[in-house]
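Asker: Sharing a structure here in structure tokens format.
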Amino acid sequence: MEKFNMQGRASRGARYIFLAMMLALLAACSSLRLAYNNGDTLLFWWLDAYVDLEAAQKPPVKSDIGDFFHWHRKTQLQDYAQVLHHAQQQLQGNPTLADLQEDYKDIRARTQTMLLKAAPDIAELALALKPAQLEQMEKKFAKNNSDFRKKNMKGGREEQLKFRYKKSMEQFELWFGDFSSEQEAVIRKASDARPLDNELWLDERLRRQKGILALARRIQQEKPSQAAAEAMVRELIQENFERTEQPSDRKPFFDAYTKGTMELVLTVVRIATPAQKAHANKRMQDWIEDLNALAAQAK
């Protein structure tokens, strides 16, 4: 039977809390297989920057991160390959806004299911954290928010629109390759059509961070049972997912931004040349092959 101790709690919970970061990190790399094979090290460094792991915590954390990657290879990667195959089919056809809305709902559902499944591990981590580690997390949040302000809120509206457009173009060029100046003008127009409110996005970041810290401190102070801590974690996860769907003064903005982003993607697909679509199809096929090869390593 697995030994039950506080270090084990911390390490098991950590592997799930930062999964979203790991996937975003991998998506930014040109070689998926290389990035994934080094993902355990990258994830450990990232986690250590947030909670400043103590020397005694590091070996079990590394071990559990390795276990997580084995589980992820074995149970998730082939499913991701199927998602990409579906995207290939959509790219070759004429996807509609309704198609992208269904894709968006699917991704949200997958993410929420994963986090809810991880609630027991997240609760164990929260029960194990020490005051100094929560202070370190708060400082890291503050630094991230400062970086967000410097990058996304620099200058006036025009400069912020331009920065947002450039970030979008980095992703589109990753998939489709280079665009002509005429295409870039069309994409810029579609990008700028999305509502812009970086003050609101910053406020949402702060709200989520405060919620995480408040829950962690509550669990640390009250020391509830494992079951009670899990219920608290599930409630916070569901609250964060449901927030943008609940009636509020911000819902019109959330809805308009999501719709505008989908229309931006549709615009790129619509104006893409056969060569650009072939580029995107090949990149997806390369990823599919990488994902299947990585999954095979777990068998």
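Asker: Probe radius 1.4 Å, ligands and nucleic acids left out: which of Met169, Met153 has the largest accessible area, and how do the rest follow?
Answerer: Output order, biggest surface exposure first: Met153, Met169.
Asker: Straight distance only, please: which aspartates and glutamates reach the Cα of Lys162 with their own Cα at less than 14 Å, same-chain residues fewer than 8 apart left out?
Answerer: Lys162 reaches Glu170, Glu184, Asp192, Asp197.
Asker: Where the centroid of each part is defined by its Cα atoms, how far is the stretch 42-79 from the stretch 136-165 in Å?
Answerer: Using only Cα atoms to place each centre, the spacing works out to 28 Å.
Asker: Evaluate the charge dipole of the chain about its Cα centre and quote only its size in Debye, nearest 20, assuming +1 on the Cβ of each Lys and Arg and -1 on the Cβ of each Asp and Glu.
Answerer: Roughly 480 debye, rounded to the nearest 20.
Asker: Show that you can apply the helix-only estimate: for the chain, add -39,500 (n - 2.57) for every DSSP H stretch of four or more residues, divide by all residues, and state [θ] at 222 nm to the nearest 500.
Answerer: Using -39500 (n - 2.57) per qualifying helix, the result is -27500 deg cm²/dmol.
Asker: Oh, and also: Output the DSSP H helices from the chain with an along-axis C-alpha extent of no less than 27 Å and a mean Kyte-Doolittle hydropathy no less than -0.5.
Answerer: 251-271
Asker: Another question, then. Would you work out which of Leu174, Asn145, Pro247 lies farthest towards the positive end of the dipole of the stretch 120-250, given +1 charges on the beta-carbon of Lys and Arg and -1 on that of Asp and Glu, about the Cα centre?
Answerer: Asn145
Asker: Return an integer: the convex hull volume of the alpha-carbon atoms of the stretch 106-225, in Å³ per residue.
Answerer: 144
Asker: To continue, here is another question. Name the most mobile residue of Gln221, Gln78, Gln209, meaning the one with the largest mean-square fluctuation, in a Gaussian network model of the chain with Cα contacts below 10 Å.
Answerer: Checking each option, the largest mean-square fluctuation is seen for Gln221.
Asker: Just to be sure I follow the definition: excluding the sites themselves, where is the longest run in the chain that has none of the GluC sites (Glu not before Pro) in a DSSP loop with at most 16 other Cβ atoms within 10 Å?
Answerer: Value returned for the longest uninterrupted segment is 55-299.
Asker: Another question, then. Let me see the P(r) profile for the stretch 165-239: every Cα-Cα distance counted, bins of 10 Å, each bin given as a percent of all pairs.
Answerer: Spelled out bin by bin, the stretch 165-239 gives 15, 28, 17, 19, 15, 5, 0 percent.
Asker: Rg and Dmax of the chain, using alpha carbons, in Å: what are they?
Answerer: Spelled out, the Cα radius of gyration and Dmax of the chain are 20.7, 64 Å.
Asker: Next question. Would you compute the Debye intensity of the stretch 212-299 from its alpha-carbon atoms alone, equal scatterers and no solvent, and pass along log10 I(q)/I(0) at q = 0.10, 0.18 Å⁻¹ to two decimals?
Answerer: Log-scaled intensity ratios, in q order: -0.63, -0.89.
Asker: Rank these residues by their accessible area, most exposed first, probe 1.4 Å: Tyr80, Tyr104, Tyr50.
Answerer: Tyr104, Tyr80, Tyr50
Asker: Turning to a different aspect of this structure: Taking a cut-off of 19 Å, what percent of all Cα-Cα pairs in the stretch 35-166 are separated by more than that?
Answerer: 69
Asker: Still on this structure, please answer the following. What pairs in Lys167/Lys189; Lys140/Lys251; Lys143/Lys223 have C-alpha atoms more than 26 Å from each other?
Answerer: From the list (Lys167/Lys189; Lys140/Lys251; Lys143/Lys223), the Cα-Cα distance tops 26 Å for Lys140/Lys251; Lys143/Lys223.
The values are calculated or read from the model by the stated rules, or taken from the named source; none is laboratory data. Note that the coordinates shown come from a computational prediction; the quantities given were computed from them, not determined experimentally. FYI the Cβ positions are ideal-geometry reconstructions off the backbone, even for glycines, and counts take in every protein chain you see. Please note that ligands, DNA and RNA were not included when accessible areas were found on the heavy atoms of the full protein model with its side chains. Shrake-Rupley method; radii C 1.70, N 1.55, O 1.52, S 1.80 Å.
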